[in-house]
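Structure first, commentary second.
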Amino acid sequence: MLDRLAATIDRHRSGDWCRTAVPRLGLVAVDASLEPTDMRYEPMVCFVADGAKRATAGEREWLTERGEMMLTACDLPIRAEFEKVPYRSAVLLIDGPALADVLLAIDGGPDEEPVPSGPATAPMSPELVDAVTRWVGLLDAPEDIRPLAAGIEGEILYRLLRGPLGPTLRQWSIADSAVSRVRAATHWILAHYTEPLTVAAIAEVAHMSPATLHRHFKAATGMSPLRFQKHLRLQDARRRLLAGDTTAAEVARQVGYVSPTQFNREYRRVYGLP
């Protein structure tokens, strides 16, 4: 079943990563080992059909191998390394209304609220692999996408909610849960990371005390809120330095650093070179 999913992904790949005509479906296909790569995860579930990828965020890391899936419940700057290639995966970008519709159709209330635990991995059931394969397979018949995609996506969400990732995914959709509050905080930092931020301001956005925010935020992302901001700044700086003819001092200013010396020191600490 996994070979069939990997082959279906292969037929519709476009570079290492691509969005597709199926709403909220992305495909990843990597054939050769790459240097560790900066990425920014959105809330999503990654279904690995072949290979293995290690994701590192702050002090935590997760390895997702063939036949496994990984749920990321909030925006997250990570460093990815493809440990086994060829690597093939399908990515479901989580949609709040679609998830809410499935939850309404399931009997019973939400599970007891867990502390956010960051990206979570689990094996895929055969039924889930089959549903994901049919979802990707819609790309073989574009005329089927509009009438069938939402139904298959709903089936995937249903099987996820009934599986080991279900408790965290349920909390994702509850407006006042710790998971959703951390998600709101990460989203706000993404919009303001070049500005001077304080833990108190971020806690106000999340409707948490600073101490509670720190505990939940670190559990979910592997880092404190201000370290999260720093990672976003450094990732953005690296992209700017690689993409254009500019100076390190100018890039430091653009991403929010007051001191080029501090920027140089922190950049070296993360990337190994000034």
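One residue stands out in region 32-56 among those that are among the acidic types (Asp, Glu) and farther than 15 Å from residue 13 by Cβ: the one that is farthest from the chain's Cα centre (by Cα), namely 35. Scanning for something in a loop (DSSP other than H, G, I, E, B), at pLDDT below 95 and closer than 28 Å to residue 228 by Cα, does region 78-90 turn up at least one residue? No: zero hits. Based on what the data block shows, is residue 104 without any contact (Cβ under 8 Å) to a residue 24 or more places away in the chain and among the aliphatic types (A, V, I, L, M)? Yes.
Could you tell me whether residue 239 is assigned to a helix (DSSP H, G or I) and over 24 Å from the mean Cα position of the chain (by Cα)? For residue 239, the condition - assigned to a helix (DSSP H, G or I) and over 24 Å from the mean Cα position of the chain (by Cα) - is not met.
A quick yes/no check of all residues on (1) in contact with a Phe, Trp or Tyr (Cβ under 7 Å, 6 or more places away or on another chain); (2) surrounded by 16 or more Cβ atoms within 10 Å (Cβ to Cβ); (3) over 25 Å from residue 236 (Cβ atoms):
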| residue | (1), (2), (3) |
| --- | --- |
| 31 | no, no, yes |
| 49 | no, yes, yes |
| 64 | no, yes, yes |
| 80 | no, yes, no |
| 88 | no, yes, yes |
| 93 | no, no, no |
| 103 | no, yes, yes |
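Taken together, the residues in region 218-274 that are open to solvent by 30 Å² or more (accessible area, probe 1.4 Å) and at positive phi amount to 1. Pairs meeting the criteria (first residue in region 48-74 and aromatic (Phe, Trp, Tyr), second residue buried (at least 22 other Cβ atoms within 10 Å of the Cβ), beta carbons under 6 Å, at least 6 apart or on different chains) are 62/55; 62/119.
Of the residues 138, 161, 169, 104, which single one is over 27 Å from residue 223 (Cβ atoms) and at pLDDT below 90?
Values: 138 fails: at pLDDT below 90; 161 fails: at pLDDT below 90; 169 fails: over 27 Å from residue 223 (Cβ atoms).
After applying the criteria, what remains is 104.
When 267, 257 are checked against the criterion of being without any contact (Cβ under 8 Å) to a residue 60 or more places away in the chain and within 19 Å of residue 79 (Cβ to Cβ), a single residue qualifies: 267.
Can you confirm whether residue 5 is open to solvent by less than 10 Å² (accessible area, probe 1.4 Å) and in contact with a Cys (Cβ under 8 Å, 6 or more places away or on another chain)? Taking the combined requirement at face value, the residue does not satisfy it.
If the condition is being open to solvent by less than 60 Å² (accessible area, probe 1.4 Å) and either in the same structural domain as residue 94 (by the TED database) or outside any helix (DSSP H, G or I) (or both), then region 195-207 contributes only 197. Residues in region 166-185 that are open to solvent by 10 Å² or more (accessible area, probe 1.4 Å) and in a loop (DSSP other than H, G, I, E, B): 173, 174, 175, 176.
When each of 39, 69 is tested for being of a type in the set (A, V, I, L, M), over 18 Å from residue 155 (Cβ atoms) and in a strand (DSSP E or B), the lone residue that passes is 39.
Annotation note: of 184, 220, the sole residue that is free of Cβ contacts under 8 Å to residues at least 60 places away in the same chain and under 28 Å from residue 98 (Cα atoms) is 184.
Collect the residues in region 162-180 that are free of Cβ contacts under 8 Å to residues at least 60 places away in the same chain and out of contact with any strand residue (DSSP E or B) (no Cβ under 9 Å at 6 or more places or on another chain), keeping them in residue-number order. Walk me through how you get there before you give the answer.
At the first step, the residues of region 162-180 found to be free of Cβ contacts under 8 Å to residues at least 60 places away in the same chain are 162-164, 166-167, 175-176, 180.
Matches in region 162-180: 162, 166, 167, 175, 176, 180.
Out of 246, 133, 212, one residue alone is more than 17 Å from the chain's Cα centre (by Cα) and at pLDDT 95 or above. It is 133.
The values are calculated or read from the model by the stated rules, or taken from the named source; none is laboratory data. In this text, all values refer to a predicted model and were calculated from it rather than measured experimentally. Reconstructed Cβ throughout: ideal geometry from the backbone, glycine too, with neighbour counts over all protein chains shown. The protein model used for the area step is the full one, side chains on, heavy atoms only, and it has no ligands, DNA or RNA in it. Shrake-Rupley method; radii C 1.70, N 1.55, O 1.52, S 1.80 Å.
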